[in-house]
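Since every read-out is calculated from the coordinates, none of them should be taken as a lab result. Keep in mind that what you see is a predicted model, and the values were worked out from it rather than measured. Every residue, glycine as well, gets a Cβ built from its backbone with ideal geometry; the counts of neighbours run over all protein chains shown.
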Amino acid sequence: MLEPFQYEFFVRGLLAATMAGGLCGLIGVYVVLRRMAYIGHGLSHAVFGGAVVSYVMSLNFFVGASIWGFLSALLITLTTRKRTIGADAAIGIITTASFALGIALISRYKTFTRSFDAALFGNILGVSTGDLVAIAFVTVAAIIVVIVGYKLFLFTAFDADVARVYGVPTAWVEAAFSLILAATIVVSMQVLGVTLIAAAIVIPPISARLLTDSFKRMILLSTGIGAFCGLGGIYISYFIDVSSGATVVLFSAALFVLALVYNSVKGKLPAAKARRPLGKASGLRDK
Amino acid sequence: MPHPTPHKHGREEPLVQLTGLTCGYEGRVALSDVTLTIMPGDFLGLLGPSGSGKTTLLRSILGVVDVYQGQVLVEGISPEKRRPRAGYVPQLETIDWSFPVTVQEAVMMGHTMSNPFLPWHRRSDVRVAAEIMDRLGIGHLAQRHISELSGGQQQRVFLARALVSSPRLLLLDEPTAGVDIKTRDDVMHLLHDLNHQGVAIVMTTHEINAVAAHLPSVVCLNTRVLAAGPPEEVFTPEILKLTYGADMPVIHHDGLTLVAERPHLRARNARRGPLHDPDTSGHAEDHRA
């Protein structure tokens with residue numbers, strides 16, 4: 001049982017996955033509650049493009065990809081505010097174009113195909129001490145931002161429009177959120193892979209939501225579930241010899257099913273009973 | 001339903017002054033040339049069809065619309081320069097009822113900016129919120145999820161959120177939409193009580209007879225101000241036709257003003273070809289909602 005712990009690469013990977021899982025779970029709460037699940041998916045693809053560009057221009061990977069990701073995230077949050085444009089379509093264009101740029105560059109310069117395999121699907125063997133430090137740094141920063149901005153983030157996530165009326169600097173809150181989200185994706189890429197990050201951002205908070213009605217408990221639970229899935233996923237992947245990112249996501253999907261079963265058995269489905277037919281009643285009056 | 005007499009205005013400064021205000025969103029004009037004064041202790045109802053700029057007028061007082069012409073002054077200062085001490089209650093149908101917050105957490109959002117960078121709330125803020133929740137009769141529901149309440153209780157949660165900062169002005173967007181008759185009367189009683197305690201109230205409504213006719217003063221809007229004053233003066237067939245684009249006979253009986261709402265007439269007119277369809281005259285509210 002303890003056999004894998006004698007390998008340094010395994011311990012490093014395990015630590016990285018636990019932190020990345022917890023980090024994605026933490027940030028995922030805001031992503032899910034603002035109904036922007038697609039943003040994680042899109043953004044991870046956009047960041048991939050940024051990573052390739054920074055590689056080609058021989059920039060530092062973290063700096064290049066983070067700046068690229070932050071700009072994409074900002075662009076996406078700004079587009080979602082404009083209701084006149086189809087936000088989902090605009091996001092699809094921004095992020096897939098960025099992803100395509102990455103692929104185009106890779107096929108043009110064929111020299112670095114292998115390390116980008118890791119970026120796409122996650123490779124725990126590739127986690128260096130530098131990666132570990134980067135993940136730890138972003139995790140600590142995200143925890144600080146979430147604690148300091150707790151009330152601001154809560155109000156903005158609940159109702160950004162009204163929060164602005166109550167004096168909350170929602171533009172700054174959104175910028176801070178975009179920055180943390182981009183950083184999360186950049187540092188989690190090596191462990192989870194571009195294509196699987198979206199699941200790590202969405203599954204833990206959704207599972208947590210099934211277990212609680214309180215915002216504070218949802219944050220704690222989601223972070224815990226994310227970290228546990230990172231830990232458990234990597235541990236299992238060692239024994240069954242399956243890609244780390246895929247194992248983490250399958251493991252969290254299994255946990256989600258458990259949460260769903262628990263929720264149904266308990267007979268309280270907060271999401272289902274929550275929407276009262278208020279809109280319908282007042283909508284009729286307008287006719 | 002009490003019928004309070006309009007408050008006498010002394011030599012007080014106006015609470016809100018809109019002068020020749022033209023405003024909207026992203027270059028689209030939603031309201032034009034609005035001149036309106038709100039005094040401390042006023043209770044004002046805003047009437048008009050959907051898209052007539054009712055919500056925009058509320059939001060202009062809060063400083064969150066684009067001003068193209070004219071000016072807004074709240075207590076003598078532009079709301080963009082200093083955030084007005086006003087409580088805002090949005091339409092219940094814009095609330096995300098599946099969001100994981102308890103009643104207390106929702107009410108405490110009203111205190112967000114009193115102490116923005118600490119994850120917990122000041123004890124005095126918690127106490128104020130608890131007192132207000134008790135006063136509104138939702139104190140015992142503090143730990144419930146917001147979706148577990150009745151319509152009237154839900155309205156009170158967001159009223160409490162608006163009241164925790166003890167505002168002098170309360171702005172409500174359709175506080176009686178989508179609730180049953182008893183809840184509607186409860187909410188209106190509550191608002192009259194608050195008004196008697198000195199809070200100026202501005203609310204939008206679609207209900208002419210049940211709500212607006214009982215208010216001290218009303219404003220008829222259709223992208224501009226068509227009439228303002230006590231309901232018995234404002235509710236004339238001419239003004240109502242201008243506002244809603246439909247014939248609405250007005251009956252005066254025993255000191256009561258009753259407006260006969262005949263929506264089927266509008267439908268018949270529409271088939272013949274509308275003289276004036278209010279739904280196409282601006283979509284500021286739709287755009288926001």
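Remark: A:PHE251, B:PHE158 ranked as A:PHE251, B:PHE158, counting other beta-carbon atoms within 10 Å and listing the fewest first.
Using only side-chain charges placed at the Cβ, +1 for Lys and Arg and -1 for Asp and Glu, the dipole size of the range B:1-132 relative to its Cα centre rounds to 300 debye. Springs join every pair of Cα atoms under 10 Å in this Gaussian network model of chain A, and among A:ALA89, A:ALA182, A:ALA160 the largest mean-square fluctuation is at A:ALA89.
Its DSSP H runs of at least 4 residues, each contributing -39,500 (n - 2.57), put the calculated 222 nm mean residue ellipticity of chain B at -8000 deg cm²/dmol, to the nearest 500.
Looking at the protein assembly as shown, the pairs of alpha carbons with a distance over 36 Å make up 44% of the total. Placing a label point 7 Å from the Cα of B:LEU242 along the Cα-to-Cβ direction, the residues of the range B:190-224 with a backbone N closer than 16 Å are B:218-224. The largest-to-smallest principal axis extents of the Cα set in the range A:3-269 are 52, 43, 30 Å. For the protein assembly as shown, lysine pairs separated by 8 or more sequence positions, or belonging to different chains, with Cα-Cα distances below 18 Å total 4.
Working note: Karplus 6.51/-1.76/1.60 with θ = phi - 60° gives the range A:43-58 the couplings 5, 5, 5, 5, 4, 4, x, x, 5, 5, 4, 5, 5, 4, 7, 6 Hz, where Gly and Pro are set to x. Between A:VAL265 and A:ILE143, what's the calculated FRET efficiency when r is the beta-carbon distance and R0 is 56 Å? Round to 0.05. Here the calculated transfer efficiency is 0.95.
Compute the Cα gyration tensor for the range A:1-59, then decide on rounded, prolate or oblate, letting a ≥ b ≥ c be the square roots of its eigenvalues: rounded whenever a/c is under 1.5, prolate when a/b is larger than b/c in the other cases, and oblate in all that remain. Since a/c reaches 1.5 but b/c is at least a/b, the shape of the range A:1-59 is classed as oblate.
Apply the a/c threshold of 1.5 to the C-alpha gyration tensor of chain B and tell me whether it is rounded, prolate or oblate. Prolate, because a/c is 1.5 or more and a/b exceeds b/c.
In this structure, the amide hydrogen of B:ALA30, modeled 1.01 Å from its nitrogen in the peptide plane, lies closer than 5 angstrom to those of B:CYS23, B:GLY24, B:TYR25, counting only residues at least 5 positions away or on a different chain.
Residue by residue, the range A:179-184 carries 3J(HN,Hα) couplings of 5, 5, 5, 4, 4, 4 Hz when phi is fed to the Karplus relation 6.51 cos²θ - 1.76 cosθ + 1.60 (θ = phi - 60°); x denotes Gly or Pro. First measure r as the distance between the Cβ atoms of B:LEU256 and B:SER150, then evaluate 1/(1 + (r/R0)^6) with R0 = 35 Å and state the FRET efficiency to the nearest 0.05. Rounded to the nearest 0.05, the efficiency is 0.70. Under a 5 Å amide H cut-off, with hydrogens placed 1.01 Å from N, B:GLY87 pairs with B:LEU169, B:LEU170, B:LEU171 among residues at least 5 apart or on other chains. Taking θ as phi - 60° and the Karplus parameters 6.51, -1.76 and 1.60, the scalar couplings of the range B:52-68 work out to 8, x, 5, 5, 4, 5, 4, 6, 5, 5, 8, x, 10, 10, 7, 8, 9 Hz in sequence order, x denoting glycine and proline. The slack in the chain from A:ALA136 to A:TYR109, taken as 0.36 nm per residue of separation less the alpha-carbon distance, amounts to 6.5 nm. Here's how it looks for B:GLU207: its modeled amide H is under 5 Å from those of B:ALA212, which are all 5 or more places away or on a different chain. Maximal additional length on extending the A:LEU125-A:GLU8 stretch stands at 41.1 nm, based on 0.36 nm per residue less the C-alpha distance. Applying 1/(1 + (r/R0)^6) with R0 = 45 Å to the Cβ-Cβ distance of B:HIS189 and A:LEU74, what FRET efficiency is obtained, to the nearest 0.05? Computed FRET efficiency for B:HIS189 and A:LEU74 comes out at 0.45. Taking other C-beta atoms within 10 angstrom as a stand-in for reagent exposure, B:TYR244, B:TYR25 fall in the order B:TYR25, B:TYR244, fewest first. When chain B is treated as a Gaussian network with alpha carbon springs shorter than 10 Å, the biggest mean-square fluctuation among B:ALA177, B:ALA212, B:ALA200 belongs to B:ALA177. Taking the Cα centre of the range A:3-269 as origin and assigning +1 to Lys and Arg Cβ atoms and -1 to Asp and Glu Cβ atoms, the resulting dipole is close to 640 debye. DSSP beta bridges confined to the protein assembly as shown are antiparallel in about 60 percent of cases. In chain B, with Lys and Arg counted as +1 and Asp and Glu as -1 at Cβ, which of these residues, B:GLY41, B:GLY76, B:LEU163, has the Cα nearest the positive end of the dipole, that is, farthest along it? Highest projection toward the positive end goes to B:GLY76.
Basic side chains Lys and Arg get +1 at the Cβ, acidic Asp and Glu get -1 at the Cβ, and with that the dipole of chain B about its Cα centre reaches some 400 debye.
Computed over chain A with a Gaussian network model linking Cα atoms closer than 10 Å, the most mobile of A:ALA20, A:ALA90, A:ALA142 is A:ALA90. Ordering B:MET203, A:MET57 by the number of other Cβ atoms within 10 Å of each residue's own Cβ, fewest first, gives A:MET57, B:MET203.
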